[in-house]
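Working notes, structure below.
The values are calculated or read from the model by the stated rules, or taken from the named source; none is laboratory data. A quick note: this is a predicted structure, and the numbers were derived from the prediction, not measured. So basically every Cβ, Gly included, is an ideal-geometry build from the backbone, and we count neighbours across all protein chains shown.
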Amino acid sequence: MSTIKSTLGILCSNDFVRSGLIITKDGMIIESAIENTSEAETLGAFMSQIVLTIKNSLSELGYNEFTRYVIQSSKGQVFLMDLGQSVMIALTDLDVDIAKVNIALFQAATEIKKSGRLDI
Amino acid sequence: MKNNTEPDGKSSEPGEDYLKTAKDLKKMNELALAIEVCDKGLEKNPNDSNIYILKSQIQIDKFKKDKNPDNLKSALLNLEKALKFNPQSYIARILASQIYLKGKAYNKAKSMLAGILKSLPDDEKASSMMAFIIKKEEEKARATAPPEPEKTPVKAAEPPAPSQDDIIIKNEDETAGENKEESGEAMVDTRPEENNLGDDDKLVIDSDSDNENAAHLEALSDKLTMFGRLEGLEAIFLVDNDGQLFKSINKSGLDENVIPSLVFNLHKASVMGVRRVGYGSFQRGVLTAPIGTIILVNVFYAILTLVIDNDSDLGAVETRIQRYLGEVMQ
């Protein structure tokens, strides 16, 4: 778990990423860099609904996984990265360099995959 | 209806042509003709869930006119067929729930609504109907329970109470209905659930929601040609507020049953998600998946969806989207 924690820490120390967390597909928090627990739980619950919606529809098209989903809202952006059994979520401000965020996210995802703690 | 071109090169009529004609006829109240058009559309496109849904809406309109419960039975059959091809269709599940509810088939309605609430837990229509069922079940339990006034029945977990403005099952005479229920007359019905269709005269099934914004959708649809030469473009879908496909330009023959539902459900979940976590209002969604990059854009009365190749230049796509939005907002 410490690898996941430190990877998430590195991701959030990036200038572009405001906060992040990793959840199971059903919304349980695996690791969070959000201090307020209830805020993290709410975010995890709602993002897991989005992941469920994506996975249900993709499975009808014959696919099991997606790469990422980015929501742009009036206050910022939410990045969801599919890690197989889990999902990494990163919150950013509005005007960020998407390419740099993507690189940071892919690096974090690769680190977590390497740690072998995906099948939680 | 994956592709409008037959393998032998002959072009078939796309399902959306039939849809448009049938919708126009429905609007003009030419219901028999509208059903005929749907049937012809289904002959050519037998797997098109959108036509099945429209046909069921026309049959619901017929039921409203002639009160013949056979129309509701047929509507339900068509919705079941639509759900076979497109299990995630929101509008098909909502309409089927409403018909089950009207037929007092509460268990079937409940399971259909549970399916919607599983992926869209904040959905107001589904929540209000679920609350309605729970209320009816409580009334039924009270009516059939032995007279022990001290005992309070154990309450099931209740979804948020519906607001009067949002409730979709409109009870035209709530008080009279309650009195009827309390006498046990309405709820003690031993017939199989399917045979009760059309029994509850107080419930109105909403089958007209697609008509209001047709002109706006036409205007949005007219400008879609702006994306015609966009590099890497696989498909464009204009999906209305009910999750039904209004217009498509489907170059890659993508599934026109599943993708509009994916778009509608994802849009709805995203709108709710960002709102509930205090992240403002939803503006854009970009899903990168094996079928391509799916871009969801909020436009008036609809969701514009572009499916592009995963290697496409997103900057160029964004520029084109901004131009489109500039045009339609004029």
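Some points to look at:
- For segment B:269-294, the tally of residues that are over 19 Å from B:M329 (Cα atoms), in contact (Cβ under 8 Å) with a residue 12 or more places away in the chain and assigned to a strand (DSSP E or B) stands at 7.
- Answer from B:K104, B:K118, B:K73, B:K62 - the residue that is among the basic types (K, R), assigned to a helix (DSSP H, G or I) and modelled with pLDDT under 90: B:K118
- Of all residues in segment A:37-50, those satisfying the criterion of being within 9 Å of another protein chain (Cβ to nearest Cβ) and under 25 Å from B:I259 (Cα atoms) are A:A45, A:F46, A:M47, A:Q49, A:I50.
- Residues satisfying the stated conditions in segment A:20-36, i.e. within 14 Å of another protein chain (Cβ to nearest Cβ) and at pLDDT below 90: A:K25, A:D26, A:G27, A:I34, A:N36
- One residue stands out in segment B:72-87 among those that are surrounded by fewer than 23 Cβ atoms within 10 Å (Cβ to Cβ) and without any contact (Cβ under 8 Å) to a residue 60 or more places away in the chain: the one that is farthest from B:D206 (Cα to Cα), namely B:K84.
- Tally, over segment B:274-292, of residues that are of a type outside the set (S, T, Y), at the interface with another protein chain (Cβ under 7 Å from one of its Cβ atoms) and either on the phi > 0 side of the Ramachandran plot or touching a strand residue (DSSP E or B) at 6+ places or on another chain (Cβ under 9 Å) (or both): 11
- Matching entry among B:Y52, B:Y100, B:Y90 (being outside the structural domain of B:F246 (by TED's automatic domain parsing), in contact (Cβ under 8 Å) with a residue 60 or more places away in the chain and crowded, with 24+ Cβ neighbours inside 10 Å): B:Y100
- Of the set (1) touching a helix residue (DSSP H, G or I) at 6+ places or on another chain (Cβ under 7 Å); (2) at pLDDT below 90, all apply to B:Q330 but (1).
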